[in-house]
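Sharing a structure with you now.
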């Protein structure tokens, strides 16, 4: 695979992910609530969702999903409802409840939530549909290119959302035990739901 083309893909894909959206808001909220080490499974979830998007596009299922747009609409509103549910829990919990939350102990729950948020984000799917084909050429094996682009996309996704979490976790100690922390986390969930519903 052409290294110049691959480098261009890395820059393009990273630029898309760095833009604030539902995934970024969710990463920030989880890091503020639990700290970076405990919310480490969030970027893993987003990385997995990126892989699922890539496989969907490269396998041709992306075309089918585009044909039946209502599927994306349903997924989007499931995601909005889930984020609003998380916002409600954040707004109504006491400061001390953050540390006792079962989500802290459940790595799978945190991972699963990140996958759900990402898969119900139509922007992520359409970005995949539009970006991947631009970097596939007829000169190399399609399967090889699909694997390389998918692996790089997953690595970029993990890196970007890990950085969001790492930078946000700096403020966790300052907000520890503070009711404002729950308000900020709830506000981030509402913001993510708002961005998702506007897509």
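The values are calculated or read from the model by the stated rules, or taken from the named source; none is laboratory data. Just so we're clear, the structure is a prediction, and the values are computed from it rather than from any experiment. So basically every Cβ, Gly included, is an ideal-geometry build from the backbone, and we count neighbours across all protein chains shown.
Taking helices (runs of 4 or more DSSP H) that fall entirely within segment 7-72, which contain at least 1 residues that are modelled with pLDDT under 90 and surrounded by fewer than 21 Cβ atoms within 10 Å (Cβ to Cβ)? Reasoning before the result, please.
On the way: elements: 22-34, 41-58, 61-67.
Of the helices (runs of 4 or more DSSP H) lying wholly inside segment 7-72, those with at least 1 residues that are modelled with pLDDT under 90 and surrounded by fewer than 21 Cβ atoms within 10 Å (Cβ to Cβ) span 41-58, 61-67.
Condition check ((1) modelled with pLDDT of 90 or more; (2) surrounded by 18 or more Cβ atoms within 10 Å (Cβ to Cβ); (3) closer than 17 Å to residue 26 by Cα) across all residues:
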{"position": "133", "(1), (2), (3)": "no, no, no"}
{"position": "149", "(1), (2), (3)": "yes, yes, no"}
{"position": "159", "(1), (2), (3)": "yes, no, yes"}
{"position": "162", "(1), (2), (3)": "yes, yes, yes"}
{"position": "176", "(1), (2), (3)": "no, no, no"}
{"position": "193", "(1), (2), (3)": "no, yes, yes"}
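Would segment 140-152 turn up any residue that is farther than 18 Å from residue 48 by Cβ and outside any helix (DSSP H, G or I)?
For segment 140-152, residues farther than 18 Å from residue 48 by Cβ and outside any helix (DSSP H, G or I): present.
If a residue has to be over 14 Å from the mean Cα position of the chain (by Cα) and assigned to a helix (DSSP H, G or I) to count, how many in segment 127-139 make the cut?
Just the residues of segment 127-139 that are over 14 Å from the mean Cα position of the chain (by Cα), to begin with: 129-139.
Next, only the ones that are assigned to a helix (DSSP H, G or I) stay: 129-135.
Summing the residues that are over 14 Å from the mean Cα position of the chain (by Cα) and assigned to a helix (DSSP H, G or I) in segment 127-139 gives 7.
Being touching a residue at least 12 places away in the same chain (Cβ under 8 Å) and under 12 Å from residue 156 (Cα atoms) narrows it down to one residue among 51, 35, 21; which is it? Walk me through it before giving the result.
Details: 35 fails: under 12 Å from residue 156 (Cα atoms); 21 fails: under 12 Å from residue 156 (Cα atoms).
Going through 51, 35, 21 in turn, just one is touching a residue at least 12 places away in the same chain (Cβ under 8 Å) and under 12 Å from residue 156 (Cα atoms): 51.
I'd like to verify a number: residues in segment 94-114 that are modelled with pLDDT of 50 or more and crowded, with 19+ Cβ neighbours inside 10 Å, how many?
4
Can we say residue 112 is more than 25 Å from residue 191 (Cα to Cα) and touching a helix residue (DSSP H, G or I) at 6+ places or on another chain (Cβ under 8 Å)?
Details: more than 25 Å from residue 191 (Cα to Cα): no; touching a helix residue (DSSP H, G or I) at 6+ places or on another chain (Cβ under 8 Å): yes.
Answer is no for this residue.
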